[in-house]
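Encoded as structure tokens, the structure appears first; notes follow it.
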Amino acid sequence: MQDKAEAPPSTPVRPAAPPTTPKEPRATLLARVAAAAAGGFLLFLAFPPLDWWWSAPIGIALFTLSAYGCRPRRAAWLGYLAGLVFLLPALQWVGPIGVDAWLALVGVEALFYAAWAFCARLSFRLPWWPLWAAALWVLMEWGRSTFPVGGFPWARVAFSQGESPFTPYAALGGAPLVTFAVALAGTLPAAAVLRWRSAQGIRRAAAPVALALAVPLLAFAVPRPGDEGKSVNIGIVQGNVPGRGIYAYGDEPAIVLQNHANETKRLAQAVRAGELPKPDLVVLPENSTDIDPYRSEFARSTIDAAVKDVGVPTLVGAVVAIGDNERATRSLVWDPVTGPGPYYDKQQLVPFGEYTPFKEIFLTLFERARLVGRQSVAGDKPGDLRMGPVTIGAVNCYEVAFDATVRDTVRAGGTPLAVQTNNATYALSNLPPQQLAMSKLRAVEHNRAVVTAATTGISAFVTPDGKVSWQTRERVADMTVVKVPVRTQSTIATRVGAAPEWALIAMGVAAVCAAAWRGRRRDDRMR
């Protein structure tokens, strides 16, 4: 009998390698780079001082097109490029602190745009992806506003829409809903372009274009409270400072205090001469005294004399000592009869400006970090302060960018809002107009008039409809008395608080999870 042939040893079956993404032609890559850079630059143009609000959705459309259809890592660095091109000019105002500080801030913040592009690239796998990509923009801005060291909410898309067709959305869902609406008005045209280029043709491209046009039009249907027939006369004082940049306060102590005291007295003289109506209260800027009035008899008597001259409660901005090593940025009500009284301490402090994060490290490595001086401590209560016939809502400079801080002040009864600010270091940069745009959005968001007093400008009066009724030039001393409507009715945004933001964040997170799961299942089927 013939022996059977020995069976060859079995070889293990290797899984097929997952398909690789074909290498893109060089021209396609260059087109993506150009779209990302152009998108970032167009987004910058939407912000003050240019205020080309309509360029924001176009910029986001180009952001989206640059990332669509490429590998996730490539989408991330394209997003980082777009973020750099946007933030370098948008945050140019940081330059007086130091070019290194400006570049470091931009470098860190651009990472969030890389994260958006990476996550949006995953969401493109899903139906209705323009909706999910727009929700991811809200998630990205929430992250920027929260991390690191308390977040940096400057240059959010909503703050480019101080006066635009998208602005009314602020009264419905606050700044996050405005950002979502603008982002959606950008991702939808991007989808239209992609449909037009594909076999789906122009007819399928018309639907997303129509939806994109409907987004700002629907904002006019947002319900907003009307006038209540009440008003208050508020004096606004801008005293100016002697220097520029980080040395804005000059070398001579008390000159800033004296400037604001003199301008307050000039306001009182104009009232007595009948040139201005008598105010019910007066608002001075943040840091309107560069000497602690609790510890200096000179500062106390100078402020007291000016307030007695004008004869009404005055909101004074002061940096006051807390113990031997700390300080607080304070909004202090000064009564012409009883002197200093109720106050509000700033809650959202400026990192490296009012306190030093990780100070053991930074104070050791960087000599400039010592310019902060005493470390500020944050307040823990909203700024509802009774002044004359109204309870004003004190908001201190940097805080106007933070949704919760402003909302809590309004909920505590603040009306109108008084934003005390010190932009002396950043005078004549794009910071003062960007900050004024935030006040315009906050006015609409909460149905409150906003009075802004700045050391060097821009001081302003914004109506509850978000219109600037009066404003100063920069680096001049100025004052006036404005008739400010007092409104007490709340918008939907004030009542629902952060709920719309959390809903949009949940949408974005769910979309990324669903897209990742779908991609994993597809890869498993191909093995």
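The values are calculated or read from the model by the stated rules, or taken from the named source; none is laboratory data. It should be emphasised that the depicted structure is a prediction, and the values quoted were computed from it without experimental measurement. Backbone-built Cβ (ideal geometry, glycine too); neighbour counts: all protein chains shown. The protein model used for the area step is the full one, side chains on, heavy atoms only, and it has no ligands, DNA or RNA in it. Shrake-Rupley method; radii C 1.70, N 1.55, O 1.52, S 1.80 Å.
Out of all the residues in region 418-449, which are in a strand (DSSP E or B) and under 22 Å from Phe152 (Cβ atoms)?
Hits for region 418-449 are Val419, Gln420, Thr421.
Output yes when any residue across region 220-233 is farther than 30 Å from Val482 by Cα and open to solvent by 50 Å² or more (accessible area, probe 1.4 Å), and no when none is.
Within region 220-233, one or more residues are farther than 30 Å from Val482 by Cα and open to solvent by 50 Å² or more (accessible area, probe 1.4 Å).
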Among the residues of region 304-345, what is the count of those that are among the aromatic types (Phe, Trp, Tyr) and over 19 Å from Thr264 (Cβ atoms)? 1
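Take Ala321 and decide whether it is loosely packed, with under 15 Cβ neighbours inside 10 Å, in contact with a Phe, Trp or Tyr (Cβ under 9 Å, 6 or more places away or on another chain) and among the hydrophobic types (A, V, I, L, M, F, W, C).
yes
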Among the listed residues Pro148, Pro96, Pro127, Pro165, identify the single one that is touching a residue at least 24 places away in the same chain (Cβ under 8 Å), open to solvent by 50 Å² or more (accessible area, probe 1.4 Å) and either among the β-branched types (Val, Ile, Thr) or part of a loop (DSSP other than H, G, I, E, B) (or both). Pro148
Quick check: anything in region 461-471 open to solvent by less than 10 Å² (accessible area, probe 1.4 Å), modelled with pLDDT of 95 or more and either closer than 20 Å to Gln348 by Cα or assigned to a helix (DSSP H, G or I) (or both)? no
Tell me, please, whether a residue that is over 30 Å from Asp403 (Cβ atoms), part of a loop (DSSP other than H, G, I, E, B) and over 22 Å from the mean Cα position of the chain (by Cα) can be found in region 203-226. no
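Would it be correct to say that Trp116 is modelled with pLDDT of 95 or more, open to solvent by 20 Å² or more (accessible area, probe 1.4 Å) and either part of a helix (DSSP H, G or I) or touching a Lys or Arg at 6+ places or on another chain (Cβ under 9 Å) (or both)? Step through it out loud before you land on a result.
On the way: modelled with pLDDT of 95 or more: yes; open to solvent by 20 Å² or more (accessible area, probe 1.4 Å): no; either part of a helix (DSSP H, G or I) or touching a Lys or Arg at 6+ places or on another chain (Cβ under 9 Å) (or both): yes.
Judged against the criteria, Trp116 is not a match.
Within region 354-368, does at least one residue satisfy the condition of being surrounded by fewer than 17 Cβ atoms within 10 Å (Cβ to Cβ), of a type in the set (Lys, Arg) and modelled with pLDDT of 75 or more?
Checked against the condition, which is being surrounded by fewer than 17 Cβ atoms within 10 Å (Cβ to Cβ), of a type in the set (Lys, Arg) and modelled with pLDDT of 75 or more, region 354-368 yields no hits at all.
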Tell me which of these Gly83 doesn't satisfy, since it passes every other one: (1) open to solvent by 40 Å² or more (accessible area, probe 1.4 Å); (2) at pLDDT 95 or above; (3) not acidic (Asp, Glu). (1)
Which numbered condition Glu501 fails, given (1) open to solvent by 10 Å² or more (accessible area, probe 1.4 Å); (2) in contact (Cβ under 8 Å) with a residue 24 or more places away in the chain; (3) more than 25 Å from Leu131 (Cα to Cα): (3)
Those residues of region 37-64 which are touching a residue at least 60 places away in the same chain (Cβ under 8 Å) and farther than 15 Å from Trp137 by Cα amount to Ala46, Phe47, Pro48, Pro49, Asp51, Trp53, Trp54
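Given the criteria more than 19 Å from Thr28 (Cα to Cα), open to solvent by 10 Å² or more (accessible area, probe 1.4 Å) and in a loop (DSSP other than H, G, I, E, B), does Pro49 qualify? Break it down into steps so the answer makes sense when it comes.
Numbers: more than 19 Å from Thr28 (Cα to Cα): yes; open to solvent by 10 Å² or more (accessible area, probe 1.4 Å): yes; in a loop (DSSP other than H, G, I, E, B): yes.
So Pro49 passes the test.
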Within region 172-190, is there a residue that is over 20 Å from Ala120 (Cβ atoms), open to solvent by 10 Å² or more (accessible area, probe 1.4 Å) and part of a helix (DSSP H, G or I)? yes
Please name all residue pairs, on different chains or six or more residues apart, with Cβ atoms under 7 Å, provided the first residue is in region 350-373 and is at positive phi and the second residue is modelled with pLDDT under 85. Phe352/Ala369; Phe352/Val372
Of the conditions (1) part of a loop (DSSP other than H, G, I, E, B); (2) surrounded by 24 or more Cβ atoms within 10 Å (Cβ to Cβ); (3) hydrophobic (A, V, I, L, M, F, W, C), Val476 fails just one. Which one is it? (2)
